[in-house]
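Before any comments, here is the structure.
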Amino acid sequence: MDHFPTNWGRPRNDAFDHYNTYPIPVRPQNNAFADSVQRTQQPIVTGTSVLGLKYKDGIMIASDTLASYGSLARFKDIKRLHQVGDFTAIGASGDMSDFQALQRDLESLIISEEVTEQDGHKLGPKEIHEYLSNVLYGKRCKMDPLWNSVIVGGFKDGERFLAYVDLLGTTYTSSTIATGYGAYIAQPLLRKAVEGKEDVLTEAEARKILEDCLRVLFYRDARSLDKYQIATVNASGPSISDSIKLETSWGFAEGIRGYGAQTQ
Amino acid sequence: MARGRTRWWWKRETRSVTVTQVTRSLEDSEERPNMAMELNGGSVIAMVGKNCVAIASDLRLGNQALTVATNFEKIFPVSEQLYIGLCGLATDVETLRERFRFLVNMYTIKESRAISPQAFAHLVSSTLYEKRFGPYFIEPVIAGLEPITTTPTDGSAPTTEFRPFIAGADVIGCLNFAKDFIVTGTASDKLFGVAEGLWEPDLGPEDLFETISQTLLNAVDRDAYSGWGAVVHVITPDKVVSRTLKARMD
Amino acid sequence: MPSMEHVAHPQQRAFNPYTENGGTILAIAGADFTVIAGDTRQSEGYSIQTRYAPKVFRLTDRAVLAVNGFAADGNMFVKKVKQRLEWYRHAHAKDMPLRAIARLIQTMLYAQRFFPYYVYNILGGIEDDGTGAVYSFDPVGSYEREACRAAGAAQSLVQPFLDNQIYFKNQQAAPGQTHPSHLPLPDVLSIVIDSFTSATERHIEVGDGLEMYIVLAKGRNTQGMESLHGVQELSSKLDGERVFVVRRELKKD
């Protein structure tokens, strides 16, 4: 028996057929803002490189605290590292508004997980990374990307995890990762310092390596800042430092024309 | 006449381009590969063996996808034991062949001796670099035997040995002295792959012939712009053996 | 004067949802086995992202899939194929036959005809009749069964070498003899290794590591694998088709 009067031959009624559940009516396009909805076509307020590495008892992620507006150093104390759940930290370069949207998304994911608190499962870095890659890949498929390169790091069940995901949904894991200009400037330094020594490097050594890389980036990347944060994730969970001032030396500049105080 | 004049003015008009347009056309040319290198098709390869060298090419001459001739030789003798393969735009093959013939003749007359492969390579390089900003669309390959004459201290007669020599260059004459093989042409990537898999050091003339022939044939069979016959020259101290290979003609 | 229309217009670059991640894959079928291989480098432009990102995946005990092109699409595609194979297992209590997986892959690729997975697929394994098989696909799903296939960044370097060494193209058999239609396993393995060392030598996007999967037909012994060190078995049972993986280093420069 067909229960739907529209199928019996009753003429269409424009007054209420729109509210029927079946057949699904073609509703009039009445979104007045349809033409005004904008997708991220290009990043606006951006963060530069993020660095990540594996060390003896966990992983470390570092980034400076600058959010640029083009070439303008617009926001100088922006947090680009973020804790997710009990085992994970993420760091993002690229569009900061997209990253903050991601932060809210992850926050609600963690909150919705509280419902199943007692099920014996907790979201670890692998799950967070898989979730993020699905979000970013899904958005790129809608041609509405989240314009970020994200490093996901964590420590769970005695295992280190360090991975990357970007606006295209491209993913990979590696013992050192660098985004943005860091991929060209810091990654070679990181690889030299870390590869083959992942199980030996102490926390202090790892921190020194990252600081050295951030310093080189500050010297050469015009969109970087001498203020940074480091996230450490080990057996005792994630901890994200406050903003730290980078020690830099400009003594060499005195001898170079154009760098120092010379006028001629 | 009037028609020609109008055309001329029209040309002048279009030349006054804005800066933005110039930038754009540069960007365009970056995206588009140089068509001149693929217009006529063709590939050349040279390989080093033990006391011998080999140089080989396909025989196709095309106009884009249309094959025009299947007897278009691209390898020419420079002296008895020195050959050059000219790969690229067919009109420049002819031009450069004549130009090198002239230059080598002049060299031979002035110096009263045959040009060595080494010297010839540099002659090729400088000839190409002369046209640095409007180059010949040719990537040459040189293969030959370098005579090394040693005069013993005991007063006995000098002896001549032959050292295998191959070289390649890009369109503006940047030389590449490889110790194994040189490839150019529309099938160069394929030639690289097969040669890297088949070539080994110290091949005798017969084995070298087989290796270079197999490399060339299998590479050009995967290239739409090369093939339709092939020639191989194997250069040894006492003779040059030139063979035309039976190849796929499709 | 040329019109200012297209000059004054600000240049806006549209979002490009694709990229290329380099690497090369390769598969060769034997009479009763198949070898499926891929390098493990993942790159973008001139940067190496990681030295170990697998491109070859075990689907079932008799099917292995290699994916090459845009890595994000590749990983998503493999995930979806694996999901469909699991659904098939739940519905039919058996693994999907190889030729059916091949058709499934073509359907899944063609479903995305107007926003394609930018991925070249090579499926290798054992057919129901016990023969080794290789299926190769283009990004929108057109496919064929072959004896061997190379794909990816160094396809143009490797494929003509395979024509010569596997199909004996341009080679004449000894008088009164014919070329073998299938090569023995040790020969195939050394051709695969040679292909990748050659490609590594001449292509910047190929290198770091080599991952070779070997699928053996039901009842075939491991003859030809004795000399291979570091073989790891991945089969779920020992009395059916068997899958092995072998890893080798490639040059890292």
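Counting only strands (runs of 3 or more DSSP E) that fall entirely inside the range C:93-169 and contain at least 1 residues that are of a type in the set (S, T, N, Q) and buried (at least 21 other Cβ atoms within 10 Å of the Cβ), the qualifying elements are C:119-126, C:132-137.
Mind checking whether some residue in the range B:46-56 is touching a residue at least 40 places away in the same chain (Cβ under 8 Å), of a type in the set (S, T, N, Q) and assigned to a loop (DSSP other than H, G, I, E, B)? Yes, the range B:46-56 contains a residue that is touching a residue at least 40 places away in the same chain (Cβ under 8 Å), of a type in the set (S, T, N, Q) and assigned to a loop (DSSP other than H, G, I, E, B).
Of all residues in the range A:147-159, those that are in contact with an Asp or Glu (Cβ under 8 Å, 6 or more places away or on another chain) and either of a type outside the set (A, V, I, L, M, F, W, C) or at the interface with another protein chain (Cβ under 9 Å from one of its Cβ atoms) (or both) total 3. When each of C:140, C:81, C:67 is tested for being of a type in the set (A, V, I, L, M, F, W, C) and touching a Gly at 6+ places or on another chain (Cβ under 6 Å), the lone residue that passes is C:67. Might you let me know whether the range C:14-30 holds any residue that is under 24 Å from residue C:154 (Cα atoms), facing another protein chain (nearest Cβ under 8 Å) and either in contact with a Lys or Arg (Cβ under 8 Å, 6 or more places away or on another chain) or at pLDDT below 95 (or both)? Within the range C:14-30 (the criterion being under 24 Å from residue C:154 (Cα atoms), facing another protein chain (nearest Cβ under 8 Å) and either in contact with a Lys or Arg (Cβ under 8 Å, 6 or more places away or on another chain) or at pLDDT below 95 (or both)), the answer is yes, since at least one residue qualifies. Of the residues contained in the range A:45-63, one or more are found to be at pLDDT 95 or above, of a type in the set (S, T, N, Q) and under 11 Å from residue A:230 (Cβ atoms).
Within the range B:140-159, is even one residue within 10 Å of chain C (Cβ to nearest Cβ), of a type in the set (S, T, N, Q) and at negative phi? No; the residues of the range B:140-159 include none that is within 10 Å of chain C (Cβ to nearest Cβ), of a type in the set (S, T, N, Q) and at negative phi. If you check C:153, C:147 for being within 14 Å of chain B (Cβ to nearest Cβ) and among the small types (Gly, Ala, Ser), only one passes: C:153.
Can you name the residue in the range A:220-248 that is assigned to a loop (DSSP other than H, G, I, E, B) and in contact with a helix residue (DSSP H, G or I) (Cβ under 9 Å, 6 or more places away or on another chain) and, of all such residues, is surrounded by the most Cβ atoms within 10 Å (Cβ to Cβ)? So the residue we want is A:224. Being in a strand (DSSP E or B), surrounded by 16 or more Cβ atoms within 10 Å (Cβ to Cβ) and of a type in the set (Val, Ile, Thr) is a property that residue A:150 has. Scanning the range C:176-199 finds no residues that are hydrophobic (A, V, I, L, M, F, W, C) and in a strand (DSSP E or B). Suppose the filter is closer than 19 Å to residue C:76 by Cα, within 10 Å of chain C (Cβ to nearest Cβ) and either within 13 Å of the chain's Cα centre (by Cα) or touching a residue at least 60 places away in the same chain (Cβ under 8 Å) (or both); does residue A:132 pass it? When the stated conditions are applied, residue A:132 does not pass them. Pairs linking a residue in the range A:165-181 that is within 8 Å of another protein chain (Cβ to nearest Cβ) to a residue that is surrounded by fewer than 22 Cβ atoms within 10 Å (Cβ to Cβ) and in a strand (DSSP E or B), with Cβ atoms under 7 Å and 6 or more positions apart or on different chains, are A:172/C:50; A:173/C:50; A:174/C:50. Quick one: how many residues across the range C:160-185 are facing chain B (nearest Cβ under 7 Å) and touching a Leu at 6+ places or on another chain (Cβ under 9 Å)? Selection size over the range C:160-185: 5. Take the conditions (1) in a strand (DSSP E or B); (2) under 15 Å from residue B:182 (Cβ atoms); (3) out of contact with any Ser or Thr (no Cβ under 8 Å at 6 or more places or on another chain); residue B:77 misses just one of them, which is (2). Of all the residues in the range A:176-204, those that are surrounded by fewer than 23 Cβ atoms within 10 Å (Cβ to Cβ), of a type in the set (Ser, Thr, Tyr) and part of a loop (DSSP other than H, G, I, E, B) number 2.
For first residues located in the range C:41-63 and free of Cβ contacts under 8 Å to residues at least 12 places away in the same chain and more than 9 Å from chain A (Cβ to nearest Cβ), partners that are buried (at least 22 other Cβ atoms within 10 Å of the Cβ) and of a type in the set (A, V, I, L, M) and lie 6+ apart or on another chain with Cβ distances below 6 Å do not occur.
Taken over the range B:34-55, the criterion of being crowded, with 20+ Cβ neighbours inside 10 Å and farther than 10 Å from residue B:89 by Cβ is satisfied by B:41, B:43, B:44, B:45, B:46, B:47, B:48, B:49, B:52, B:53, B:54, B:55. Look at the range C:196-225: where a residue is within 23 Å of residue C:24 (Cβ to Cβ) and a partner is of a type in the set (Gly, Ala, Ser) and assigned to a strand (DSSP E or B), sitting 6+ places away or on another chain with Cβ atoms under 6 Å, you get C:205/C:43; C:211/C:38; C:212/C:37; C:215/C:125. Inclusion of residue C:199 among residues that are more than 8 Å from chain B (Cβ to nearest Cβ), over 18 Å from residue C:30 (Cβ atoms) and in contact with a helix residue (DSSP H, G or I) (Cβ under 9 Å, 6 or more places away or on another chain) is not warranted.
All conditions but one from (1) more than 14 Å from chain C (Cβ to nearest Cβ); (2) outside any helix (DSSP H, G or I); (3) in contact (Cβ under 8 Å) with a residue 60 or more places away in the chain; (4) out of contact with any strand residue (DSSP E or B) (no Cβ under 8 Å at 6 or more places or on another chain) apply to residue B:249; the one that does not is (1).
Residues checked against (1) basic (Lys, Arg); (2) in contact with a Gly (Cβ under 7 Å, 6 or more places away or on another chain); (3) closer than 27 Å to residue B:79 by Cα:
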| site | (1), (2), (3) |
| --- | --- |
| B:156 | no, no, no |
| B:180 | no, no, yes |
| B:190 | yes, no, no |
| B:229 | no, no, yes |
| B:241 | no, no, yes |
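Taken as a whole, the condition of being under 22 Å from residue A:125 (Cβ atoms), at pLDDT 95 or above and of a type in the set (Lys, Arg) applies to residue A:207.
Residue count for the range C:219-248, restricted to those that are surrounded by 11 or more Cβ atoms within 10 Å (Cβ to Cβ) and under 20 Å from the mean Cα position of the chain (by Cα): 12. Could you please find all residues in the range B:199-232 being without any contact (Cβ under 8 Å) to a residue 40 or more places away in the chain and outside any loop (DSSP other than H, G, I, E, B)? Scanning the range B:199-232 gives B:206, B:210, B:214, B:217, B:218.
The values are calculated or read from the model by the stated rules, or taken from the named source; none is laboratory data. Small disclaimer: the values here were computed from a predicted structure and weren't measured. Every residue, glycine as well, gets a Cβ built from its backbone with ideal geometry; the counts of neighbours run over all protein chains shown.
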